[in-house]
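Chemist: The structure follows.
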Amino acid sequence: MTEEIVAASGNAGKIREIEEIFGGVRVIPMREAGFDGEIEETGSSFRENALIKATAVCKRLGRPALADDSGLCVDFLGGAPGIYSARFSGGDDEENRKLLLARMKGAHDRRAHFECAVCLCLPDGRTLFGTGRTDGRILEEERGTHGFGYDPLFFSDDLEKSFGEASDEEKNRVSHRARALHDLTGKLGLLK
Ligand code: IMP
């Protein structure tokens, strides 16, 4: 297919994970590849946002680009914060977690899942998507300090511990992002 992909992200952890799962493909952060613009996530789904980001980078640079979009969907909150996960409280990760705990106060149904969509865009206009999810529930207080975002509040059904208590390796085995990337790599043959 291609030996180099530009990632529409600057997050070193994500880039390492993409390289591991794509095996043999060099993943270049978009800033290093010469993309210095901001991309507005104006889509109404994870899939649309991933498409917007991948297409923006691919079109500007004329190189294959990969983007992901993800978030936390809580049943009791009707799927919120969803695509607004990063901007839920208007503050940082800690404030987002505080707001989530406040909204979940007294809730018996604490089921939730992380969802991720990845999109690969090629200069000839072809696009390929992968999706993944991982299920769990929202704890009543934080457990563990690993990870980022909502990790300390998310008790994983697969790991039987919170993502905040899991090592990177454990989380990457079951994460929504890893599952979406595997889903995408399984479809790469469709591009040939
Ligand atoms: P992005 O897709 O990396 O921009 O993530 C959007 C937001 O969703 C993040 O800022 C986090 O709040 C939340 N999020 C996505 N994936 C995870 C995860 O694996 N752990 C914790 N929070 C996450």
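Chemist: Give me the pairs, please: first residue somewhere in region 164-185 and at pLDDT 95 or above and of a type in the set (S, T, N, Q), second residue anywhere and part of a helix (DSSP H, G or I) and surrounded by fewer than 21 Cβ atoms within 10 Å (Cβ to Cβ), beta-carbon distance under 6 Å, and either six or more positions apart or on two chains.
Modeler: Qualifying pairs under 6 Å: none.
Chemist: Hey, among Ala50, Ala54, Ala86, Ala65, which residue is closer than 30 Å to Gly125 by Cα and out of contact with any strand residue (DSSP E or B) (no Cβ under 6 Å at 6 or more places or on another chain)?
Modeler: None of the other options fit; the residue is Ala86.
Chemist: Suppose we filter Ile39, Ile18 for residues that are within 14 Å of the ligand (Cβ to nearest atom), assigned to a loop (DSSP other than H, G, I, E, B) and of a type outside the set (Gly, Ala, Ser); which single one remains?
Modeler: Exactly one of Ile39, Ile18 is within 14 Å of the ligand (Cβ to nearest atom), assigned to a loop (DSSP other than H, G, I, E, B) and of a type outside the set (Gly, Ala, Ser), namely Ile39.
Chemist: OK, next. Picking from Ala33, Ala102, Ala54, which residue would you name as being more than 13 Å from the ligand (Cβ to nearest atom) and either within 25 Å of His182 (Cα to Cα) or outside any helix (DSSP H, G or I) (or both)?
Modeler: After ruling out the rest, the residue left standing is Ala33.
Chemist: Additional query: Given the criterion charged (D, E, K, R) and buried (at least 16 other Cβ atoms within 10 Å of the Cβ), identify the matching residue among Glu48, Glu40, Glu32.
Modeler: Glu48
Chemist: Among the numbered conditions (1) under 30 Å from Leu99 (Cβ atoms); (2) at pLDDT below 95; (3) of a type outside the set (Asp, Glu), tell me where Gly24 comes up short.
Modeler: Of (1) under 30 Å from Leu99 (Cβ atoms); (2) at pLDDT below 95; (3) of a type outside the set (Asp, Glu), only one is false for Gly24: (1).
Chemist: A follow-up question, please. So, in region 160-178, how many residues would count as being among the basic types (Lys, Arg) and more than 16 Å from Gly149 (Cβ to Cβ)?
Modeler: Residues flagged as among the basic types (Lys, Arg) and more than 16 Å from Gly149 (Cβ to Cβ) within region 160-178 amount to 2.
Chemist: Please specify each residue of region 68-99 satisfying the condition of being of a type in the set (A, V, I, L, M, F, W, C) and not in a loop (DSSP other than H, G, I, E, B).
Modeler: Matches in region 68-99: Leu72, Cys73, Val74, Phe76, Leu77, Ile83, Ala86, Leu99.
Chemist: Ok, one more. Does Pro64 satisfy the criteria of being farther than 23 Å from Phe114 by Cβ and crowded, with 20+ Cβ neighbours inside 10 Å?
Modeler: Yes: the conditions hold for Pro64.
Chemist: So, one more: Scanning region 105-130 for residues that are within 13 Å of the ligand (Cβ to nearest atom) and not charged (D, E, K, R), which turns out nearest to the chain's Cα centre (by Cα)?
Modeler: Cys116
Chemist: Please tell me if Val27 is in a strand (DSSP E or B), within 29 Å of Asp135 (Cβ to Cβ), away from the ligand (no atom under 15 Å from the Cβ) and in contact (Cβ under 8 Å) with a residue 12 or more places away in the chain.
Modeler: yes
Chemist: In addition: So Thr131 fits all but one of (1) farther than 29 Å from Leu61 by Cβ; (2) of a type outside the set (Asp, Glu); (3) surrounded by 15 or more Cβ atoms within 10 Å (Cβ to Cβ); what number is the exception?
Modeler: If we test Thr131 against (1) farther than 29 Å from Leu61 by Cβ; (2) of a type outside the set (Asp, Glu); (3) surrounded by 15 or more Cβ atoms within 10 Å (Cβ to Cβ), just (1) comes out false.
Chemist: Phe76 passes all but one of (1) among the aromatic types (Phe, Trp, Tyr); (2) surrounded by 18 or more Cβ atoms within 10 Å (Cβ to Cβ); (3) more than 18 Å from the chain's Cα centre (by Cα); which number fails?
Modeler: (2)
Chemist: Identify all residues within region 80-90 that are within 11 Å of the ligand (Cβ to nearest atom) and farther than 16 Å from Arg137 by Cβ; write none if there are none.
Modeler: Gly82, Ile83, Tyr84, Ser85, Ala86, Arg87, Phe88, Ser89
Chemist: Let me ask another. Looking only at region 100-152, count how many residues are over 15 Å from Val174 (Cα atoms), free of Cβ contacts under 8 Å to residues at least 60 places away in the same chain and basic (Lys, Arg).
Modeler: 5
The values are calculated or read from the model by the stated rules, or taken from the named source; none is laboratory data. Just so it is clear, the model here is predicted, and its values are computed rather than measured. So basically every Cβ, Gly included, is an ideal-geometry build from the backbone, and we count neighbours across all protein chains shown.
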